[in-house]
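The values are calculated or read from the model by the stated rules, or taken from the named source; none is laboratory data. Remember, predicted model here, so these are calculated numbers, not experimental data. Because the Cβ atoms are built from the backbone with ideal geometry, glycine has one as well, and the counts that use them run over all protein chains shown.
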Amino acid sequence: MLIVAQSQLAGAGYLVAAVLFILGIQGMTHPRTAVRGNLLGAVGMLVAVVVTVAQLGILPLGAALMAMLVGGATGYVLAVQVQMTQMPQLVALFNGFGGAASALVAGAEVVSQVPNEATPVGDTTMLAAGTAGLIGALTLTGSLVAAGKLQELPMFNRKFDWPALPSANIAIAAVAALFLLLMLAGSTWPFWPLALLACVLGVTLVMPIGGADMPVVISLLNSYSGLAAAAAGFVINNDVLIIAGSLVGASGLILTNIMCKAMNRSLAGVVFGKLEPTAGGPTADEVYEGKVKSTSADEVAMLLDGAQRVVIVPGYGMAVAQAQYSVRDLAIQLENRGSTVEYAIHPVAGRMPGHMNVLLAEADVPYEQLKTMEEINPTFSQVDVAIVLGANDVVNPVANTDPSSPIAGMPILEVDKARTVVVIKRSLSPGFAGIPNPLFAADNCLMYFGDGKQAMVDLVTAVKE
Amino acid sequence: MTTLTIFVLAIFVGFEIITKVPPTLHTPLMSGSNAISGITLVGAILAMKSDATRLAPTLGFIAIVLAMTNVVGGFFVTHRMLEMFRRKE
C-alpha cells in the first residue's frame, strides 16, 4: 500500500483547509459575502496542496508540478472563456474531471497493493476503492454525455430508445455489485472491470434523459463527484478528502432534491422514467382553435405604458436567444417611467439550478429583483403585465387543474392570475412535457410570436417611442 | 472508525449550511463546491510518491491534471459569476 504518513504539519494544514472549505460554503449564503467565501475555499485548497507537496520527495516533485501546471492552465482558460449560457456544460465537464481523478486516485492505491503483504490492508479499504472507482467512473462518462447534450452535439441528442435498456442497466449494476463484493473479500483485480462497467453505466443512464431534466442530472453528478472524493479519502485514509467530499455530496443532494420537488417528480422518475403526454389529454387544436390572440410590439408597448407592476418570467428560451441584455434594457425603460419590474424565476428554469439568475446577473439586473416562485406566486393577482420569455411548462396552469396531465402537481408560476400575460415565443409548439398550454388561449393572454431577442429589441424601441 | 465519524459529521454540517444558500446563488454554489470536490488533488499528488509500481505515479499524474483543471477552473469561473452578483451593490 501507499505509505501515507500524515505528518503533524500536514494534519494541521488539512484541518485548516477543511475549516476554510466550511467557512467558504457558508459565505455562499449571501451574495454580499459569496465572493469572499469562494476565495476562502480557494485558499483552503492552496493550503491543502502546499502541505501535500511538502511531503513529496525531490523525484516526483517536478512531474507533479508539471501536471498541476497543465491542469491549472486548462482550467483557467476554460473558466475565462466560457459564456454564461454555457455554464451548465462547463460545470458538467468539471464534475466529470473530478470524478475521474477520484477514480484514478483509488486506482493508484489498488495497483500499489503488494500481494501477500505481511500487514494486509483492511478489506474496507478495498471496498472504498471499489466505490470510488464505481462512482468516479460513472461521474466521468455521465458528465461527458450530459455536457454533450447541453452543448447540443448531435451524437448525444439522438433518440436513444432501446427497450431492453432498463434491464441491461440492472444487469450491469448487478455485475458491478458482485465485483464490489469481491473487492470487499480482498481481491484487487475487480477494480478495473468495475470501473469499465461504471463507464458504460454512466452513458446508458444519462443518454435517455432529456434536456429539461438536465438540472436534476447535473445536481446529481455534482453530488457524485463529491462522494467519489470522499470515497477516495477513505481509500488513502485522508480526512480532508472525506470532509470536503461529503460537503459537496450533501450540496449536490440538496440541489437534486430541490430540482425534483420543483418538477413534482421523483429522482427515480427522472432517471428511469419517461415523460409522455397522456393519450386522453386535449389536442393542441382543441385548446388553441380560434382562441389565440396574436399581438405586436406596439400593442405590448401600449399595455406596458399604463402598467404599474410588470413581472418578467424568463425560461431557457431566453438563454438560447441570448436575450438577457435586451430584457434588462426593457426593464430600465419601464423603471424610468415609474413601473416596478421584477423577475419570477422557476427553480427548474434553464438547464441547471440558478441558471437564469446568473444570466440576469451578467446583464446587471440587481439580485433583489429576482424573485423565487414562493415569493412571487401570491402576488400575481396584483401584476398588471406578466411577460413570459421562452418558458412554457413552468407556466402551464394544467399542472394545477388536470390531475391526469403528465405535469400534474408540478408547482408553476401562476402568471395566468396576472391582469394581462404576454407570451413571447416562436410558435405554439409544446414544451418538454409535450402538451398544449391553455394559458396561450386564455382571455387575458396575448401571444407575441418571434425570436426572443428580436422581440425584446423591438419592444424596447416601441416603448421608447 | 473515526473516519466514518468525520464523514457523517461533515454531511450534517453540509446539510445545515447549504440549505441556507439562496436559489439565486445555486449555480455558483454548484461550481464552487465542484471546485472543492477537486480536493482529490491531494490524493493524486500523494499517489506520485508510491514506489511500489511505476503505474501508480502515472495514474497519479493523470489524476493531478484532471483534478487541477477542476480546481482552478471551478474557482475562477465561480469568481467570475459572483463578481457579477456583487457589481450592483
Checklist entry - Where in the range A:365-465 are the strands (runs of 3 or more DSSP E), entirely inside, with at least 3 residues that are surrounded by 20 or more Cβ atoms within 10 Å (Cβ to Cβ)? => result A:385-389, A:420-425, A:445-449
Checklist entry - Quick one: how many residues across the range A:65-89 are buried (at least 24 other Cβ atoms within 10 Å of the Cβ) and either on the phi > 0 side of the Ramachandran plot or aliphatic (A, V, I, L, M) (or both)? => result 2
Checklist entry - Is it the case that A:Ala408 is modelled with pLDDT under 95, of a type in the set (A, V, I, L, M, F, W, C) and within 29 Å of the chain's Cα centre (by Cα)? => result yes
Next on the checklist: Among the residues in the range A:14-27, are any assigned to a helix (DSSP H, G or I), touching a Ser or Thr at 6+ places or on another chain (Cβ under 7 Å), touching a residue at least 24 places away in the same chain (Cβ under 8 Å) and more than 8 Å from chain B (Cβ to nearest Cβ)?
Outcome noted: no
Next on the checklist: Looking only at residues that are in contact (Cβ under 8 Å) with a residue 60 or more places away in the chain and more than 22 Å from A:Asn264 (Cα to Cα) in the range A:338-367, which one is farthest from the other protein chains (Cβ to nearest Cβ)?
Outcome noted: A:Leu359
Checklist outcome for this item: Residues of the range A:127-157 being out of contact with any Gly (no Cβ under 9 Å at 6 or more places or on another chain) and not in a helix (DSSP H, G or I), in sequence order, are A:Gln151, A:Leu153
Checklist outcome for this item: B:Thr69 meets each of (1) surrounded by fewer than 20 Cβ atoms within 10 Å (Cβ to Cβ); (2) polar (S, T, N, Q); (3) at the interface with another protein chain (Cβ under 7 Å from one of its Cβ atoms) with one exception, condition (1)
Checklist outcome for this item: For B:Ala35, the lone unmet condition from (1) modelled with pLDDT of 95 or more; (2) assigned to a loop (DSSP other than H, G, I, E, B) is (2)
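Yes/no per residue for (1) farther than 30 Å from A:Gly317 by Cα; (2) within 24 Å of the chain's Cα centre (by Cα); (3) modelled with pLDDT under 95:
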{"residue": "A:Ala164", "(1), (2), (3)": "yes, no, yes"}
{"residue": "A:Ser167", "(1), (2), (3)": "yes, no, yes"}
{"residue": "A:Ile170", "(1), (2), (3)": "yes, no, yes"}
{"residue": "A:Leu180", "(1), (2), (3)": "yes, no, yes"}
{"residue": "A:Ser187", "(1), (2), (3)": "yes, no, yes"}
{"residue": "A:Ala195", "(1), (2), (3)": "yes, no, no"}
{"residue": "A:Gly210", "(1), (2), (3)": "no, yes, yes"}
{"residue": "A:Pro215", "(1), (2), (3)": "no, yes, yes"}
Checklist entry - Within the range A:228-240, is even one residue under 16 Å from A:Ile135 (Cα atoms), surrounded by fewer than 24 Cβ atoms within 10 Å (Cβ to Cβ), more than 21 Å from the chain's Cα centre (by Cα) and not acidic (Asp, Glu)? => result yes
Next on the checklist: Against the definition (without any contact (Cβ under 8 Å) to a residue 24 or more places away in the chain, surrounded by 24 or more Cβ atoms within 10 Å (Cβ to Cβ), part of a helix (DSSP H, G or I) and at the interface with another protein chain (Cβ under 7 Å from one of its Cβ atoms)), how does B:Gly14 come out, yes or no?
Outcome noted: yes
Checklist entry - Hey, any hits in the range A:298-319 for a residue that's within 14 Å of chain B (Cβ to nearest Cβ), modelled with pLDDT of 90 or more, buried (at least 23 other Cβ atoms within 10 Å of the Cβ) and under 30 Å from A:Asp402 (Cα atoms)? => result yes
Checklist entry - Among the residues of the range B:38-60, how many are modelled with pLDDT of 95 or more and more than 7 Å from chain A (Cβ to nearest Cβ)? => result 0
